[in-house]
Every structure is written in structure tokens, then in C-alpha cells.
Ligand SMILES: [Zn+2]
């Protein structure tokens, strides 16, 4: 038992017998830092809607309930893995809509025919070209890779999202390696030149994950089919793993053949190799209301409950480069806090335990 003192948007003290003007009784509760989802999509509408084929305004407006749902479940920081533009971040910052702090990647950068190439026969055509706030993400060759990063940064990207394999949902190219070393290395280098931005790489297959590690990308997303060589490269290069286990573990019977077991095996290999792991959900593949299921999947896949909480708080903040500012209950950190009913660490029904949420020191209405 201890007290946590908040002033403004900061935690200013953690200890025994501290005092304040106003008290929040947390008896019988577990106080944890606000959760950080390193891979979600807030402009995709609910699952199954195919919001990408909706008018642009409908995609953007679908972020309003998605962001509210995430915040009410205690998710106070998210990295949008594509779909949201800088206007959504602006709307949150101005208080026009409520939501977690939003880091943007805008669109999926990739080579011709990659998932983000909306003219590919399986995915398009979708209405994205011609919107300057969501720039053309397709490139071929290292110089073009630098140009695409510059386009994304100009439009407000905090992160560069690259797709190095095909899509599991579409069942195409999951083991492909869709960029050359030089292409991905150029993207990583150009991002670094632009304010130290970093790169998140969608990679289901092991060779694409290994490429991401060797080129200095910050994180491998999904990593459904990792192998010994891939996790060794990730451990050696300090590459984070954002497994988004919800995609295969929340409804394993409907996951593509063998993917659920392969994904768990990838986790085992990654943990054994000492790869750093951060929480991401890939919502709304599963509804945003199920965001906290990811912790139970992380726990079951080998991290244990305490490890799952770390992956969803301080470790996620480390991946995002925000660990000095948030991710733990410590003096000086941002006052993003979740009060959970019950003191147990068990992650199996966290969504039912969220009692109160504080974001930037202000209680979120529930
Ligand atoms: Zn995604």
C-alpha cells in the first residue's frame, strides 16, 4: 500500500503517508500506469465493416467511438499503425474529441504491389490517392524510399510504417520479403535524419523480420512465423517485437491454418532469445473493446501476468521513446493511471476490472 500524489498532469510523489487536497480511495484496487497500445488502427470502423471502402469522412469519424473506447479501458497512449491522419491528432489535442495520445504513421509504406498499394487487385481500388494528408506510400528503390519518408514526415507522421510481407488476412505473401536491404535501410536512415523518427515493420515471415532487425528498424509487427535466426537477429540488434497476439489468439479457430500455434511458438523463441516485447493489438481486427485481451494472450504465451503488464506499460513506452515521460508510477511521470478492481495481477478479465482512469491527471468520464 502506498500513496500516489498528482499535481496537474504529473505524478509528483509515490510513497507511504503522503497527503493531498483531494483523495481517491484505492483500497482493494490495483493502481497501474495507463496502458500503451503500440499497434492499433483508430480509423477503420468496427470489425467487418470494410471501412476502407467508406467515404473519407466516415473513416475519420469512426475514430471518435474507437478512441473513447480505448481511453475508457485505460489505454492512454496509442501508436496508430496507419489510417489516421494529422487531423485526428489535432482534434484530440484541441479537445474536440476525447482519446489517448495518438502517434501517427499515416499509411503503410511499401514497394509496388505491397499491402498499402491500393491498386493491387486484392485490396483496391480504394480512395486514398489525392489526399495530401495521407501521402502516396508506394516506392521502389532506395532514393524513392527516402522520398516516401519525406512525404510522410511532411504530412505529420511520428513513425514510418513499412510492410515487408504480404497480409495474413488476405492470405498472400506472408513469407515474402518485399523490400531489398538497401530499400529498407534507406527508409530507416531517412527516418532517423528526420527528427530521429523510427520505423515499424509489418513482417509475418522470419526472413522479413530478420531484414527489419538488420536494417535497424525499431520494431517487428505481428512476427507470426519467426524462427531461431530471426529472433537471434532481433535480440542482437535490439529490435522490439510487437506480436499483436489478438489476431491469432482471440479466436484461434478462425485464424489461418497453423497460424495460432506458429504465433505462440514465435513468442517462445523470442522470449528465449531475450527479445524485448511490447503490447499491440492490431485492433479493430478484434474490436477495440477487446484491447485488454492482448495482456492475457501475452501472459499465456510466456510473459506471465507481470510481464504482460510491463509489455503494456513501461516496455511499450520504451519502444515508443516515451519512457522518460510515462509508463510507470514514479515521480515526474505523466499522470496516466488506471484503477483496477481487486489487487491480483491476473490478466484474464481486465476489461471488467477497470474502475477509474486518469489521463494527463484528469479523470476520464465513464
Ligand atoms: Zn495493423
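Just so you know, all these numbers are worked out from the coordinates, no wet-lab data involved. Quick caveat, the model's predicted, so the values are computed rather than measured. No Cβ is skipped: glycine too gets one built from the backbone with ideal geometry, and neighbour counts run over all protein chains shown.
Observations, loosely collected:
- Stokes-Einstein D for the range 130-233, Kirkwood Rh over Cα pairs, 25 °C, 0.890 mPa s (µm²/s): 179 µm²/s
- Annotation: extensible slack from residue 72 through residue 265 equals 66.2 nm (criterion: 0.36 nm per residue apart, minus Cα-Cα distance).
- Taking every DSSP helix (H) stretch of at least 4 residues in the chain, weighting each as -39,500 (n - 2.57) and dividing the sum by the residue count yields a mean residue ellipticity at 222 nm of -8500 deg cm²/dmol.
- Rg to Rh, two decimals, where the range 44-110 supplies the alpha carbon set and Rh follows Kirkwood: 0.94
- Where labels lie 7 Å past Cα in the beta-carbon direction, separation of residue 150 and residue 10 in nm: 4.0 nm
- Averaging 1/r across all pairs of distinct Cα atoms in the chain and inverting the result yields a Kirkwood radius of 20.5 Å.
- For a paramagnetic label modelled on residue 254 (point 7 Å from Cα along Cα→Cβ), amide N atoms under 20 Å away belong, within the range 273-310, to 281-298.
- Among beta bridges that DSSP assigns inside the range 94-222, antiparallel share in %, nearest 5: 10 percent
- Here the simple spin-label model places points 7 Å from the Cα toward Cβ, and for residue 351 and residue 172 these points are separated by 3.2 nm.
- Ascending count of other beta-carbon atoms within 10 Å, so fewest first, for 225, 241: 225, 241
- On full extension, the segment bounded by residue 362 and residue 27 gains 118.6 nm, given 0.36 nm per residue less the C-alpha separation.
- Note on residue 343 and residue 194: the extension gain reaches 49.3 nm, defined as 0.36 nm multiplied by sequence separation minus the Cα-Cα distance.
- Cβ-Cβ FRET estimate between residue 61 and residue 143, R0 fixed at 45 Å, reported to 0.05: 0.75
- Most mobile of 192, 214, 318 in a GNM of the chain (Cα contacts under 10 Å): 192
- Based on Cα contacts under 8 Å between residues 6+ apart, the range 34-327 shows a relative contact order of 17 percent.
- Across the range 11-30, the residues whose backbone nitrogen lies under 16 Å from the label position 7 Å along the beta-carbon direction of residue 2 are 11-19, 26-27, 29-30.
- DSSP beta bridges confined to the chain are antiparallel in about 40 percent of cases.
- On the basis of the beta-carbon distance and an R0 of 41 Å, residue 325 and residue 181 show a calculated FRET efficiency of 0.75.
- Fluctuation leader among 198, 326, 154 - the chain, Gaussian network, Cα springs under 10 angstrom: 154
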